[in-house]
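Below is one structure, written out as structure tokens, with a few remarks after it.
What follows is calculated from the coordinates using simple rules that are stated; it is not laboratory data. Fair warning: this is a prediction, and the values are worked out from it, not measured in the lab. Positions of Cβ are generated from backbone atoms using ideal geometry, with glycine treated the same way; all protein chains shown enter the neighbour counts.
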Amino acid sequence: MSYRLQVNGEPVEVDAPGMRRLLDVLREELGLTGTKEGCGEGECGACSVLLDGAVVDACLVPICQVDGRAVTTVEGLAREGVLNALQAAFLETGGAQCGICTPGMLMAGEAFIASGAAPEEDAIREAIAGNLCRCTGYTKIIDAIALAAERRRVPG
Amino acid sequence: MKRASTRIAPPSRPAERVAPAAPALAARTAFPLRREGPAKLTGEARYADDLVFAGAWYGATIRSDDPHATLIAIDRDPDFDWSRVLIVTADEIPGENVVSLISDDQPVLVPVGGEIRHHAEPVALLAAADRSTLHAAKRRIQLRTERLPAVFDPLASTQQIAHFAIRRGDAEKGLADAELIVEGEYRVGHQEQLYIENQAMIALPRDDGGITVHGSLQCPYYIHKAMKRALNLTDAQAVVIQSETGGGFGGKEEYPSMIALHAALLARKLGKPVRMIYDRHEDISATTKRHPAIVRHRTGVTRDGELVAQEIEVVMDGGAYATLTPVVLSRGTIHAGGPYRCENVTITGRAMATNTPPNGAFRGFGAPQTEFAAEMQVNRIAEALDVSPLELRRRWAYREGDVTPTGQVLRESVAALEVLEAAAETAGFSRKRTDRRRASTSGGTRASGIGLALAWHGAGFTGAGETHLASVASIELTDVGAIRVLTASTEMGQGTKTIFPQLVAAELGIGIDEVEMAPQDTSLVPDSGPTVASRTAMVVGRILIGAARKLRARVEESSGQPFPRSYRDFAKRNGGIRIDERFEPYPGITFDEERYVGDAYPCYGWAAAVAEVEVDLDTGEVAVESVVSADDVGRVIHPVLAEGQVEGGTLQAVGYATMEEIKLADGRYLNDRLATYLIPTALDAPRITSILVEKPFSGSPHGAKGVGELPMDVAAPAVVAAIHDAVGVWIHELPATPERILAALSGASAPDTPGSEPGTRSGARANRAAPARGVDPRPEAPSDPLPLRAPQDKGGDWERDR
């Protein structure tokens, strides 16, 4: 089957069986290996991407459900080699250590910031509760998301 | 989960978009940004599974399904088309059928006629051009085996992997003379490292007949050694290249050698690259875990609280093969007394083989197991003596000049009191403990508590380990005037690629961006030892500083100019130079490995933690609300990275304390998926405050002692102490699951509470009202005369879990 979707703003046409995982389409058909596989069963969130702005686990989404929709991956965040506000905040606060959960965390963080919610600790914890990190204790990830959200609310 | 809402203050300099290397940003943070951070944040970083090699096949491992058996035959379904599948068995191993590490007991693949010792044991390898063929083929292989009797309980095992005994003074006499003896038995189970990137290796045949592997790993030269031996390769024919590594925590210290050999055997036969990428299920079910342990204590004290004798017995479950067990046990045994001065100590440690997958390295390496027991014991003694656990530690904690159980005189860099006071003060330990006693009369269905723990952690390898390793690290001034650091020390998130350039740049007087890091590729970098034991900053950092000093001297002697102004011209005139610097033993440090006497480590790091918990009295659930961890790292090289180590290690310890548990049946892990093996999410994680304490080590030019493992030793006993403070029962076995807490509360383990002499019960404790429902969660102490007995029947018995 052939499916048309937008990936990081670019129109893409994919020939794949309808039940092929979005994760495999991204990584193996489109070469977007920034999205990671940690468990393959929706527990770890390493494969989080935005589907029409909502966070989904790409390991649980068959490509047939993505037809006509817009996908954002970690590769879609920086523009012309410049980190976006959330990426920069992760770098400053130390929110990325081994980096394997980072792409998924960034997508969860982007969705949280886009929601316009006040960057309170509880709300951020809730927003990233589907993304496991084994390195950071989450402290600096929460700091990074709060920092980027504040900067967006008070543009400088 | 109840949690105070904390608004995190925005920084003074708001910015919508910032370039990663913008000078203003670097200035604001004052420390260099993570070197490989931008690559990780943009998705450009290449982890093993991200690497593409044309024509690569997919590899898989056929594993035993018996815990103990003789392998009779490997049967292939004759109705399956095997022409599209490659199979490798043990008889095709060109070298020795051994995964080289400490002992030669573990085979790469069990041969037909050979002994299967655990249920996840590799027996044969398959490869196919596509995954569906591979999966179909896997189902068409049957192993014929003859079952042998299996042992799953280390206490029932007769096969000893390792044994250590440490004696100082006369513990027997000390106990006989003691006025109070407290006994305890403590148990800890398996813990999975659970790096979020699964194990992964890709092997490529080389033109010279050798093999190159790319993979997720901590120790390139361990794999290099294993490949040379099993594949019969020369130094040059075996090449190991680290890909970006998504966490290790000890779990990628040893098992990557096995996976690399498997991928290499397939690639060698196939003549094409082979990808061996584990899924989470295979990773949890087959790779190493933290060793389960049973630790028994008998401690003698005087009535006024002097520690006079410790008798400690440690039993670890090594699993089916030795792997790193002897050194894990060694570290666990040396640390088993905790950081406390005692004249009469006997510690015996033994590791027993069982028919379960081998246990191995995990952050802390034996110390978290035995220090959990030591801290439980100290807290229970404080209760029995009716003194504050903080006050008791103040009296007992090591000071400079004290002597450890191995007879090591702690000549310097002892910060037990500093970390203790820092954690207690920051957390408001004494005040909150008193307040809570007052508040607990109010009743309710939730009870809150606060707990404290203290730990020490020997820095670097045990005994003469570093001398045996004789690590080499190099700095090269290339002929185009670049400075390159060459080490085998891997980056797995902890910051190697950032702190090495920092140390070298500071020594050479140049900017950090002038210092390049060579890739961790055994064909390019020397063997600077494994990236384990919190040794990278302290040990390899020291070697690099030595190399940098030599390079600087060579250039300055020749040019007569300061290095920063002259090195580029020097390189143009004279060509490149490379300084290979070898580890020099720490002066005055000696250890007798036969008798286990002397300086077990060149120095120690010190850590204290205060945890606050809330326990739901209806469900037994524990919410760890906050942890303050104070860690003495010698010198902080990079505060953001060091805090990151403390925060991450603390959460792993909180998981160990409250939820991480492997259930076994017939030697097989039952919860071998991420849906069933639980680690803390952001909602489970406490607020973590890290305090970095600096008590430098004179043997390191930079004073650093390492940080990675310290927090892992200390948070779990602090959490269990807080649970006790909340509900009045001691949980003797990790994790403190709701089941165990409810069982303890219902009195299933009523004798848990250590007694004390009649009349020594404190008024404060007796006055503490039941937090809920009229059920007094704090059972009265048994009125037995001394000595006190540890409970023999505890909820959630460890053996019952199997």
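Give the dimensionless ratio obtained when the Cα radius of gyration of the stretch A:85-153 is divided by 2.2 N^0.38 Å. Working shown, then result.
Values: Rg = 10.4 Å, N = 69, 2.2 N^0.38 = 11.0 Å.
That ratio works out to 0.94.
With viscosity 0.692 mPa s and temperature 37 °C, the Kirkwood radius over alpha carbon pairs of the stretch B:544-671 converts through Stokes-Einstein to a diffusion coefficient of 157 µm²/s.
So how do B:739-747, B:263-271 stack up, highest first, on mean other-Cβ count within 10 Å?
Details: B:739-747: 20.2, B:263-271: 23.2.
Result, highest mean Cβ count within 10 Å first: B:263-271, B:739-747.
Using C-alpha pairs below 8 Å separated by at least 6 residues, the relative contact order for the stretch B:471-582 is 42 percent. Take each peptide in B:678-684, B:37-43, B:614-620, B:180-186, count the other Cβ atoms within 10 Å of every residue, and average; sorted highest first, the result is B:37-43, B:180-186, B:678-684, B:614-620.
List B:173, B:695, B:289, B:497 from most exposed to least, where exposure is judged by having the fewest other Cβ atoms within 10 Å.
Going from sparsest to densest Cβ surroundings: B:173, B:497, B:695, B:289.
Taking the beta-carbon count within 10 Å as an exposure proxy, list B:283, B:75 from fewest neighbours to most.
Working: B:283 25, B:75 11.
Taking fewest neighbouring Cβ atoms as first place, the list is B:75, B:283.
Rounded to whole numbers, the Karplus 3J(HN,Hα) couplings from phi for the stretch B:34-40 are 3, 4, 9, x, x, 5, 5 Hz, using 6.51 cos²θ - 1.76 cosθ + 1.60 with θ = phi - 60°, and x at Gly and Pro.
Can you tell me the orientation of helix A:139-153 relative to chain A, as the angle in degrees between its alpha-carbon axis and the longest Cα principal axis, to the nearest 10? Once rounded, the angle reads 90 degrees. Between the residues B:293, B:175, B:624, the greatest Cα displacement towards the positive end of the dipole of the protein assembly as shown, with unit charges on the Cβ of Lys, Arg, Asp and Glu, is found for B:624.
When the alpha carbon gyration tensor of the protein assembly as shown is reduced to an equivalent ellipsoid, the three semi-axes, largest first, read 42, 33, 32 Å. Near residue B:136: Cβ cut-off under 14 Å, other residues only, Lys/Arg at +1 and Asp/Glu at -1. The net charge is +2. The sum of -39500 (n - 2.57) across all DSSP H runs of n ≥ 4, divided by the residue count of chain B, sets its helix-only mean residue ellipticity at 222 nm to -8500 deg cm²/dmol. For chain B, the relative contact order works out to 15 percent when only alpha carbon pairs closer than 8 Å and six or more residues apart are counted.
I need the peptides B:44-51, B:89-96 ranked by packing, meaning the mean over residues of other C-beta atoms within 10 angstrom, with the highest value on top. Show your work: numbers first, answer last.
On the way: B:44-51: 20.4, B:89-96: 15.1.
Ranked from most to least packed, the peptides come out as B:44-51, B:89-96.
Electrostatic bookkeeping for residue B:75 treats Lys and Arg as +1 and Asp and Glu as -1; over the other residues with beta carbon under 10 Å from its beta carbon, the sum is +2. Were the residues from residue B:130 through residue B:102 laid out at 0.36 nm apart, the gain over their Cα-Cα distance would be 6.4 nm. If you model the stretch A:2-76 as an ellipsoid using its alpha carbon gyration tensor, with each semi-axis the square root of five times an eigenvalue, the axes come out at 17, 13, 11 Å, biggest first. All other residues whose Cβ lies under 11 angstrom from that of residue A:60 are scored, Lys and Arg at +1 and Asp and Glu at -1, for a net of -2.
Average partner chain C-beta neighbours within 10 Å, per residue of A:80-89? Kindly include the intermediate steps, with their values, before the conclusion.
On the way: counts 0, 4, 6, 11, 5, 5, 1, 8, 12, 4.
Taking the mean over all residues of the peptide, I get 6.
Could you compute the FRET efficiency for residue A:2 and residue B:409, with r as their C-beta to C-beta distance and R0 at 51 Å, rounded to 0.05? With a Förster radius of 51 Å, E is 0.10.
In peptide B:188-197, how many Cβ atoms from other protein chains are near each Cβ within 10 Å, on average?
Details: counts 0, 0, 0, 0, 1, 1, 4, 5, 18, 9.
Taking all residues of B:188-197 together, the mean is 4.
For the stretch B:337-361, there are no residues whose amide N sits under 11 Å from a probe point set 7 Å from the Cα of residue B:70 along the beta carbon direction. The mean number of Cβ atoms from other chains found within 10 Å of a Cβ in peptide A:112-119 is 1, as a whole number.
Taken about its Cα centre, the protein assembly as shown carries a charge dipole of roughly 1360 debye when the Cβ of each Lys and Arg holds +1 and the Cβ of each Asp and Glu holds -1. Take the Cβ atoms of residue B:523 and residue B:391, set R0 to 51 Å, and the FRET efficiency comes out at 0.35.
Within the same chain, lysines fewer than 8 places from residue B:497 are excluded, and of the rest, those with a Cα less than 30 Å from its Cα are A:36, A:140, B:40, B:225, B:228, B:252, B:289, B:550, B:572, B:695, B:705. Eigen-decomposition of the gyration tensor built on the alpha-carbon atoms of chain B gives equivalent ellipsoid semi-axes of 43, 35, 25 angstrom, largest listed first.
Can you give the percent of C-alpha pairs in the stretch B:92-144 whose distance is more than 18 Å? Please list the in-between numbers first.
Values: 613 of 1378 pairs.
More than 18 Å apart: 44 percent of the Cα pairs in the stretch B:92-144.
Dividing the helix sum by the residues of chain A, where each DSSP H run of 4 or more adds -39500 (n - 2.57), gives a mean residue ellipticity at 222 nm of -8500 deg cm²/dmol. Reported value for the stretch B:471-582: 85 Å³ per residue, from the convex hull of its C-alpha atoms.
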